[in-house]
Amino acid sequence: MSDFTGKSVMVLGGSRGIGAALVRHFAAAGANVRFSYSGSPDAAAAVAAETGAASVQADSANRDELIAAVAAAGALDIMVINAGVAMMGDPLKLDADAVDRLIDINVRAAYFAGVEAGRQMHDNGRIIIIGSVNGDRVPGAGFTAYALSKSAVQGIGRGLARDFAPRGITVNVVQPGPVDTDMNPAGGPMAPMMHAAMAIKRHATADEVAGLVLYLASPAAAMITGTTQTMDGGLGI
C-alpha cells in the first residue's frame, strides 16, 4: 500500500459501499480524509468514528451545496468522486424527475465536483471518478438512463485530464462491474445473470475497487491520465 501520510483526501459519497472502503483505505494509509454523505447519517457517523475521517452532509444533486462542500475542503491532494445512484426500468415508464435526479448526481455532480476540486487542488493532484462498465456496454433492456450517465462520466474524465494536465493533475475513471454492496449484493436476484456473462464469475469487493483507486492516487500513477480503468471480471470481453 502506498503511503499517503499528510495527504488531503476528499471522497464524495463515503458513507457506504465503495465510498466507505475508500475512506477506510486512505485513512489507514495515513491520509487526512474528509467525506460527504447525503441520506445515511448513521452510516456516516459509524465510518467517521471508525476511521477518524471528517464527514460533511451534502446533497450531490444540489449544485451549490456540493460546490460549497468541496470548496470547504481547501487545497486537496486527492479527490474521489464516488457519489452515484442507479436506476433501471422501461424508459417509457420511468419517472422523469427521478431520471433528472440521476443525471444531477451521476453527471452534473461529477463535473462540478471535479472542477471545484481542480480549483482548490495542489499541483500534481489526483481526481478519480467512479464510473461503471455500463458506460461501455448495455447488457440488457432498461439501462438507458444509467448507461447515459456513465458514458458521460467518461467524457468528463477525458476532458478534465486535458484541462488540468499543465498542473500535473491526473484525472481517471474507474469502471467497476458488479460490486458486492447494498446497491448490488452478490446474493441478489440479478447476480446469476451477471455472473454468467463474466470470465471471473463473482462480484468484486469494495476493497478491490479501493485498491485500484489508491494505485491511481499514488505517485506511481503520475503518467496515467484520461483513462477508463475497467475492473469487471471480464464482463465486457
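The values are calculated or read from the model by the stated rules, or taken from the named source; none is laboratory data. This one's a predicted model, so the numbers in the text were calculated from it and none came from an experiment. Please note: Cβ atoms are built from the backbone with ideal geometry, for glycine as well, and neighbour counts cover all protein chains shown.
Summary of computed values
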{"item": "In region 177-192, residue modelled with the highest pLDDT [restricted to those that are in contact with a Gly (Cβ under 8 Å, 6 or more places away or on another chain) and closer than 18 Å to Arg137 by Cα]", "result": "Val179"}
{"item": "Complete set of residues in region 103-131 that are closer than 22 Å to Asp182 by Cβ and either surrounded by fewer than 20 Cβ atoms within 10 Å (Cβ to Cβ) or modelled with pLDDT under 95 (or both)", "result": "Asp104"}
{"item": "Region 195-217: number of residues that are among the small types (Gly, Ala, Ser) and at pLDDT 95 or above", "result": "4"}
{"item": "Out of Gly155, Gly168, sole residue that is under 27 Å from Asp100 (Cβ atoms), modelled with pLDDT of 90 or more and out of contact with any helix residue (DSSP H, G or I) (no Cβ under 9 Å at 6 or more places or on another chain)", "result": "Gly155"}
{"item": "Neighbours by Cβ (under 7 Å, 6+ apart or cross-chain): first from region 218-237, within 16 Å of Val80 (Cα to Cα); second assigned to a helix (DSSP H, G or I) and polar (S, T, N, Q)", "result": "Thr228/Gln154"}
{"item": "Subset of region 33-57 (residues that are assigned to a strand (DSSP E or B), surrounded by fewer than 23 Cβ atoms within 10 Å (Cβ to Cβ) and of a type in the set (A, V, I, L, M))", "result": "Ala54, Val56"}
{"item": "Qualifying residue in region 98-114 (condition: outside any helix (DSSP H, G or I) and among the small types (Gly, Ala, Ser))", "result": "no"}
{"item": "Selection within region 166-187 - under 13 Å from Ala217 (Cβ atoms) and touching a strand residue (DSSP E or B) at 6+ places or on another chain (Cβ under 6 Å)", "result": "Thr170, Val171, Asn172, Val174"}
{"item": "Filter pass, Arg63 being under 27 Å from Met231 (Cα atoms) and in contact (Cβ under 8 Å) with a residue 40 or more places away in the chain", "result": "no"}
{"item": "Residues located in region 136-172, provided they are assigned to a helix (DSSP H, G or I), among the small types (Gly, Ala, Ser) and within 18 Å of Met190 (Cβ to Cβ)", "result": "Ala145, Ala147"}
{"item": "Region 218-237 - residue that is part of a loop (DSSP other than H, G, I, E, B) and at pLDDT 95 or above and, of those, surrounded by the most Cβ atoms within 10 Å (Cβ to Cβ)", "result": "Thr225"}
{"item": "Selected residue [small (Gly, Ala, Ser), crowded, with 24+ Cβ neighbours inside 10 Å, modelled with pLDDT of 95 or more and not in a helix (DSSP H, G or I)] from Gly19, Gly14, Gly30, Gly6", "result": "Gly14"}
{"item": "Enumeration of residues in region 58-93 that are in a strand (DSSP E or B), of a type in the set (Val, Ile, Thr) and touching a helix residue (DSSP H, G or I) at 6+ places or on another chain (Cβ under 7 Å)", "result": "Val80, Ile81"}
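Per-residue answers, yes or no, for (1) of a type in the set (Asp, Glu); (2) touching a Ser or Thr at 6+ places or on another chain (Cβ under 9 Å):
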position	(1), (2)
Pro176	no, yes
Asp180	yes, yes
Asn184	no, no
Gly187	no, no
Met190	no, no
Ala196	no, no
Lys201	no, no
Tyr215	no, yes
